[in-house]
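The values are calculated or read from the model by the stated rules, or taken from the named source; none is laboratory data. It should be emphasised that the depicted structure is a prediction, and the values quoted were computed from it without experimental measurement. Ideal geometry is used to build each Cβ from the backbone, glycine not excepted, and the neighbour counts take in all protein chains shown.
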Amino acid sequence: MVDALHEAHRAVRPGGTLIDLRPDSDHPPRVVRGGRTVGGLYERRDAIVDNHFSDRAVAGAVREGLLKPLRSGHFWYSLPPMDLPALDGWLAESCRIGGYTRGTHAALARDPGRPIIVRRALGYGIYRRL
Amino acid sequence: MSEPVGDVGRTGCASAVRPADDIELRRLRADRYFRRKDVLDIGTGTGRLTWLIARIARSVVGVDPDPEAIRDADREARRLRVRNVRFKASTAQDLGLGRERFDTALFSWSL
């Protein structure tokens, strides 16, 4: 991550912009049905650790004077609606998401055919290349 | 309703399901950073965001370590006849772009 940041810094002209966009581990995915949040999903530990490494690498680049923070934040987006079997299948293959938070699957299983929407958060940081 | 849910990454990693529309660029206020700029898209995959950026950028270079994804992106670029986009199979740690310089670099879910 540190190497990638240095390489990107080399590739951007002074005064240019570097944008870091990735899933936001501080805001785990939510499970919504009928317009109401009925539970959540948790991220795998290694995904969270990776995210923290990336955060530290960016903070290091700022400390080194390579980058100047301009703006950061997060936003939510919705995956297309799916039913419970589809969501189970998605989670079984997910590299990043470990599974349901406590009680979520039980709540969904009461009506497995009803559409479910997963809402995920993306974090971003925008930096000026110094 | 048990159907694929969006744009699944080439690796088959289901967590790579990405937003289907341009919400990312809208929320980043992309115009300011991409319009008439030379842009480097790091982690381009098959070019999901690259195509959107190319509509407003001067040029876009998309890089990704997956050569198969890059082949697909190249094929799509030819099919769409997009002339301001180029793809390259390389890693974020070693972009292999020589002295080429960009106005904006985007780490697309790749840092």
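Say whether the condition of being touching a helix residue (DSSP H, G or I) at 6+ places or on another chain (Cβ under 8 Å), exposed (fewer than 14 other Cβ atoms within 10 Å of the Cβ) and more than 10 Å from chain B (Cβ to nearest Cβ) is met by at least one residue in the stretch A:65-73.
Yes - at least one qualifying residue is present in the stretch A:65-73.
How many of the residues making up the stretch B:49-67 are touching a residue at least 24 places away in the same chain (Cβ under 8 Å) and farther than 16 Å from B:Leu111 by Cβ? Can you show your working first?
Initially, the stretch B:49-67 is screened for residues touching a residue at least 24 places away in the same chain (Cβ under 8 Å), giving B:49-54, B:56-66.
After this cut, where a residue has to be farther than 16 Å from B:Leu111 by Cβ as well, the list is B:50-54, B:56-61, B:66.
Final tally of qualifying residues: 12.
Please determine, by comparing only the residues of the stretch A:2-31 that are surrounded by 19 or more Cβ atoms within 10 Å (Cβ to Cβ), hydrophobic (A, V, I, L, M, F, W, C) and over 12 Å from the mean Cα position of the chain (by Cα), which one is nearest to B:Arg29 (Cα to Cα).
That would be A:Ile19.
With the requirement that a residue be part of a strand (DSSP E or B) and either among the aromatic types (Phe, Trp, Tyr) or in contact with a helix residue (DSSP H, G or I) (Cβ under 8 Å, 6 or more places away or on another chain) (or both), what does the stretch A:99-127 give you?
If the condition is that a residue be part of a strand (DSSP E or B) and either among the aromatic types (Phe, Trp, Tyr) or in contact with a helix residue (DSSP H, G or I) (Cβ under 8 Å, 6 or more places away or on another chain) (or both), then A:Gly99, A:Tyr100, A:Ile116, A:Val118, A:Leu122, A:Tyr124, A:Gly125, A:Ile126, A:Tyr127 are the ones that fit.
Just give me the residues in the stretch B:92-108 being more than 16 Å from B:Leu52 (Cα to Cα) and not in a loop (DSSP other than H, G, I, E, B), in sequence order. Before you say what the answer is, go through the steps one by one.
In the first step, residues of the stretch B:92-108 are kept if they are more than 16 Å from B:Leu52 (Cα to Cα); the result is B:92-103.
Matches in the stretch B:92-108: B:Phe102, B:Asp103.
Quickly run through the stretch B:57-99 and pick out the residues that are at the interface with chain A (Cβ under 7 Å from one of its Cβ atoms) and charged (D, E, K, R).
B:Asp94
Return the total of residues in the stretch B:36-88 being surrounded by 15 or more Cβ atoms within 10 Å (Cβ to Cβ) and of a type in the set (D, E, K, R).
11
Check A:Arg96 against each of (1) of a type in the set (D, E, K, R); (2) free of Cβ contacts under 8 Å to residues at least 24 places away in the same chain; (3) touching a helix residue (DSSP H, G or I) at 6+ places or on another chain (Cβ under 7 Å) and name the one condition it does not meet.
With (1) of a type in the set (D, E, K, R); (2) free of Cβ contacts under 8 Å to residues at least 24 places away in the same chain; (3) touching a helix residue (DSSP H, G or I) at 6+ places or on another chain (Cβ under 7 Å) applied to A:Arg96, the lone miss is (2).
How many of the residues making up the stretch B:41-91 are of a type in the set (A, V, I, L, M), out of contact with any strand residue (DSSP E or B) (no Cβ under 7 Å at 6 or more places or on another chain) and assigned to a loop (DSSP other than H, G, I, E, B)?
Residues that pass the stated criteria total 2.
Given the conditions (1) at pLDDT below 95; (2) surrounded by 13 or more Cβ atoms within 10 Å (Cβ to Cβ); (3) not aromatic (Phe, Trp, Tyr), which single one is not true for A:Val58?
It fails just one condition, (1).
Return the pair list, or none, for Cβ contacts closer than 8 Å from residues in the stretch A:116-130 that are within 16 Å of A:Val38 (Cβ to Cβ) to residues that are surrounded by fewer than 22 Cβ atoms within 10 Å (Cβ to Cβ) and of a type in the set (Asp, Glu), at least 6 apart or on different chains.
Every condition considered, the pairs that remain are A:Ile116/A:Asp83.
Residue under question is A:Arg56, and the condition is that it be farther than 22 Å from B:Thr44 by Cα, in a helix (DSSP H, G or I) and basic (Lys, Arg); does it hold? Spell out how you get there, then give the answer.
Details: farther than 22 Å from B:Thr44 by Cα: yes; in a helix (DSSP H, G or I): yes; basic (Lys, Arg): yes.
Yes; evaluated as a whole, the condition is true for this residue.
Could you name every one of the strands (runs of 3 or more DSSP E) located completely within the stretch A:1-52 that has at least 3 residues being over 24 Å from B:Tyr33 (Cβ atoms) and more than 7 Å from chain B (Cβ to nearest Cβ)?
Values: elements: A:12-23, A:30-33, A:36-43.
Passing ranges, in order: A:30-33, A:36-43.
Can you go through B:Arg83, B:Arg101 and tell me which one is touching an Asp or Glu at 6+ places or on another chain (Cβ under 8 Å) and among the basic types (Lys, Arg)?
Being touching an Asp or Glu at 6+ places or on another chain (Cβ under 8 Å) and among the basic types (Lys, Arg) holds for just one of B:Arg83, B:Arg101, which is B:Arg101.
Of all residues in the stretch B:1-35, which are surrounded by fewer than 19 Cβ atoms within 10 Å (Cβ to Cβ) and either of a type in the set (Asp, Glu) or at pLDDT 85 or above (or both)?
Hits for the stretch B:1-35 are B:Glu3, B:Asp7, B:Asp21, B:Asp22, B:Ile23, B:Arg26, B:Arg27, B:Arg29, B:Asp31, B:Arg32, B:Arg35.
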